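The values are calculated or read from the model by the stated rules, or taken from the named source; none is laboratory data. Since this is a predicted model, take the numbers as computed values, not measurements. Virtual Cβ from ideal backbone geometry, glycine too; neighbours counted across all protein chains shown.
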């Protein structure tokens, strides 16, 4: 079940925030919105394509980045892992947002 409030506040365990929401969720959301973007562009529905391609994926990506970032602050595991998860989420989801 999606837990956007807890994710946003960084209340989820770092592993769940990173693997479930940043990695799996990020790939799923961005794959679906990219596919819909291509279909809509092919149908000459440019405004709809932009809305689907960015208005859905970018907010999700921001939510996932913030969730991982805040969960990393609270994480009691190795700092290096928390920082790595932060960097990977930030870079990966930012790249998915602009492509």
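Quick notes
- Selected residue (only one of 73, 11, 83 is loosely packed, with under 14 Cβ neighbours inside 10 Å and touching a residue at least 24 places away in the same chain (Cβ under 8 Å)): 73
- Residue count, segment 69-80 (criterion: within 18 Å of residue 23 (Cα to Cα) and either modelled with pLDDT under 95 or out of contact with any helix residue (DSSP H, G or I) (no Cβ under 9 Å at 6 or more places or on another chain) (or both)): 0
- Candidate set: segment 28-46, residues that are touching a residue at least 12 places away in the same chain (Cβ under 8 Å) and within 30 Å of residue 82 (Cα to Cα); chosen: the one surrounded by the most Cβ atoms within 10 Å (Cβ to Cβ): 30
- Looking at 66, 39, 29, just one residue is assigned to a helix (DSSP H, G or I) and either closer than 15 Å to residue 8 by Cα or modelled with pLDDT under 95 (or both), and that residue is 66.
- Filtering segment 17-26 to residues that are surrounded by fewer than 16 Cβ atoms within 10 Å (Cβ to Cβ) and either in contact (Cβ under 8 Å) with a residue 12 or more places away in the chain or on the phi > 0 side of the Ramachandran plot (or both) leaves nothing.
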